[in-house]
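Worksheet for the structure shown next.
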Amino acid sequence: MSYIAILLTYIFINNFILVKFLGLCPFIGVSKNSESAIGMGLAVTFVTGTASAVTWCVYYGLLLPLGLEYLKTIAFILVIAALVQLVEMVLRKMSPALYKALGIYLPLITTNCAVLGIAIINIDQAYGLLESFVAGIAAGVGFTLAIILMSNIRESLDLKPPRKQFQGVPIAFISAGLMALSFMAFDNSLLSNLHLA
Amino acid sequence: MTPILFAVLTLACLGFALGIGLSIADRKFSVEKDEKLSALEEAMPGANCGGCGFAGCAAYAEAVYNGTAKAGLCSPGGADLANKMAKIMGLEAVEVEEKRVAYVFCKGNCEKTRKDFKYKGIPDCNAAAILFGGDNACKYGCLHMGSCIAVCPVGAISKNAEGDIVVDRSKCVGCGKCSEVCPNKVIRLIPASARYAVACNSRDKGADVRKKCDVGCIGCKICEVKYPQSGFKVDGNLSVYDNKTCTEDTVKAMEACPKKIIYRPDA
């Protein structure tokens, strides 16, 4: 699979939120305004990218040689949690500006299922190191796309709220469902039409 | 070695290694925070109202710490906080602006003020104001859509039974966000010590005001001319109180006002 195909797959065809339904907690929780949605999206992209690369190394460097493939879920959780902590510390020291933009969102996604999800999918699909990294970035970009679209919808809904029964989370769920339906328009024919499959 | 023991040991080793790595990283990448800055942040009220002009309490504390902002800008904290901050920073006590609270200069609810048309758009004062200055016949008054209620960080503003927007002075921290969002600037900050206020914002001529509203200032100048020591002054068809004077004349002017629109904000 070419890198472009992987990018398209995880941004559109297998969008983590709208098709795979992973990482729904921040999708609903942090999509009230677009500023925090962008921050959250960037933080997730950052973490899925690095976590993909690191978990690939852990799996092929440690678990596979020891014959402990079945431990990958718990080992990945451990590694990702430590990785996010480390990234937070490094950011705080090295780049206070970036830390201010991403910092408050990083602890929120330590054990987000989208992050664990991409790590496991990478192994299932038998991607190489670079392919895993690209898939991680693409999953994060797909997450960012979905959460920004959602935050714009919710900002518009704040201006002209629906009936009282639907205000808040109910209309958010309904909008999310409709968005998921529209993302079903993307399937593998997208890749074959672009001669990427 | 049984497989289960092997798995447990591997995970334990992995966790142990990661733990040690993290604690080393924590040492290496620790950021030293100045005691003064922590003390400043501690002293803040933590409402994050933004009344000081900064993004929040922490941002203001940092600005004071860096010397780019004065102590005493925090309205909720008042004089106590200003002195505390000055003490932390080793400065002389600073002058504090008097605590201010919001007041709505309009009592023209739907029963008292005529409407030009029926507004059915987005329930937001600024949206309503775009359309011919709102549905009120008086283009200076309160639009009653509650944009100030929505923006108030402490929930001090509400609509009372008569439909007027009112401010709970005990809750108001004087951040001024309501005044900022109000298209007609009919809600403004007044000193907490101001004992009187003319609850009208209209600068229309007296005859026009009479047609449009039952509780508008008609600029009759009774308060100014008959009671010269009252502290009221008519400027552009609207009587304005100087927020200080409190004499016998002031009390009499309040009673003499033909529209009875001089109120006690603290009552």
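Counting, for every residue in B:123-130, the Cβ atoms of other protein chains within 10 Å of its Cβ and taking the mean gives 1.
Of the Cα atoms belonging to the range B:100-263, the radius of gyration and Dmax stand at 15.6, 47 Å. Taking a point 7 Å from the Cα of A:Val90 along the Cα-to-Cβ direction, the residues of the range A:49-80 with backbone N closer than 14 Å to it are A:49-55, A:80.
How much of the pair distance distribution for chain A lies past 25 Å, counting alpha-carbon pairs only, in percent? For chain A, the share of Cα pairs beyond 25 Å comes to 40 percent. A Förster radius of 35 Å, combined with the Cβ-Cβ distance separating B:Phe6 from B:Ser30, puts the computed FRET efficiency at roughly 0.45. Taking each residue as 0.36 nm, the span from B:Glu180 to B:Ile20 lengthens on full extension beyond its C-alpha to C-alpha distance by 52.4 nm. Once you reduce the range A:114-182 and the range B:103-133 to the center of their Cα atoms, the two points are 39 Å from each other. Among A:Ala81, A:Ala37, A:Ala114, the residue with the largest mean-square fluctuation in a Gaussian network model of chain A, with springs joining Cα atoms closer than 10 Å, is A:Ala81. By the helix-only formula, in which each DSSP H run with n ≥ 4 contributes -39500 (n - 2.57) and the sum is divided by residues, chain A has a 222 nm mean residue ellipticity of -21500 deg cm²/dmol. Taking 19 Å as the cut-off, the amide N atoms of the range B:250-266 that come nearer than this to a point 7 Å along the Cα-to-beta-carbon line of B:Lys226 belong to B:250-264.
When only alpha carbons are used to place a centre, the range B:1-58 and the range B:145-174 end up 39 Å from one another.
With all protein chains present and a 1.4 Å probe, how do B:Asp266, B:Asp135 order by accessible area, largest first? Working shown, then result.
Details: B:Asp266 70, B:Asp135 15 Å².
The most accessible residue leads, giving B:Asp266, B:Asp135.
Rolled with a 1.4 Å probe across the full set of protein chains, the surface gives A:Met179 an accessible area near 20 Å². Pairwise Cα separations in the range B:35-89 fall into 10 Å bins from 0 onward with the following percentages, short to long: 30, 65, 5. Packing around the peptides A:182-190, B:148-156, taken as the average count of other Cβ atoms within 10 Å per residue, puts them in this order, highest first: B:148-156, A:182-190. So what's the angle, to the nearest 10 degrees on a 0 to 90 scale, between helix A:129-159 and the longest Cα principal axis of chain A? On a 0 to 90 degree scale, this one is about 10. With contributions of -39500 (n - 2.57) from each DSSP H run of at least four residues, the per-residue ellipticity at 222 nm computed over chain B stands at -9500 deg cm²/dmol. Only Lys, Arg, Asp and Glu carry charge here, each on its Cβ (+1 for the first two, -1 for the last two); on that basis chain B has a dipole of about 1140 debye about its Cα centre. Share of pairwise Cα-Cα distances greater than 36 Å in the protein assembly as shown is 52 percent (whole percent). A Förster radius of 41 Å, combined with the Cβ-Cβ distance separating A:Glu155 from B:Lys87, puts the computed FRET efficiency at roughly 0.45.
Estimated at the nearest 10 Å², the accessible area of B:Arg100 is 100 Å² with a 1.4 Å probe.
Based on the Cβ-Cβ distance of A:Leu62 and A:Tyr3, what FRET efficiency does E = 1/(1 + (r/R0)^6) give at R0 = 30 Å, to the nearest 0.05? In this case the efficiency is close to 0.70.
Over chain A, with a Gaussian network built from C-alpha contacts below 10 Å, which listed residue (A:Val87, A:Val141, A:Val47) shows the highest mean-square fluctuation? Fluctuation is largest for A:Val87.
Pairs exceeding a 25 Å alpha-carbon distance, out of B:Lys226/B:Lys259; B:Lys115/B:Lys177; B:Lys139/B:Lys259; B:Lys70/B:Lys99; A:Lys160/B:Lys159; B:Lys36/B:Lys177: B:Lys115/B:Lys177; B:Lys36/B:Lys177. Entry comment: accessible area of the range B:1-77 is 61 Å² per residue, from protein heavy atoms only and a probe of 1.4 Å.
Centre-to-centre, using Cα atoms only, the range B:179-202 and the range A:63-94 are separated by 57 Å.
Taken residue by residue and averaged, Cβ atoms of other chains lying within 10 Å of the Cβ of A:57-67 number 1.
Projecting the Cα positions of A:Tyr60, A:Leu181, A:Val19 onto the charge dipole of the range A:3-183 (unit charges on Cβ atoms of Lys, Arg, Asp and Glu, taken about the Cα centre) puts A:Leu181 furthest along the positive direction.
Taking all protein chains as they are arranged and a probe of 1.4 Å, the heavy atoms of B:Val234 leave approximately 30 Å² accessible to solvent. Counting only other chain Cβ atoms within 10 Å of each residue's Cβ, the peptide A:86-98 averages 2.
The values are calculated or read from the model by the stated rules, or taken from the named source; none is laboratory data. Since this is a predicted model, take the numbers as computed values, not measurements. Glycine also receives a Cβ, built like all others from the backbone with ideal geometry; neighbour counts cover every protein chain displayed. Keep in mind that these areas ignore ligands, DNA and RNA; they rest on the heavy atoms of the full protein, side chains included. Shrake-Rupley method; radii C 1.70, N 1.55, O 1.52, S 1.80 Å.
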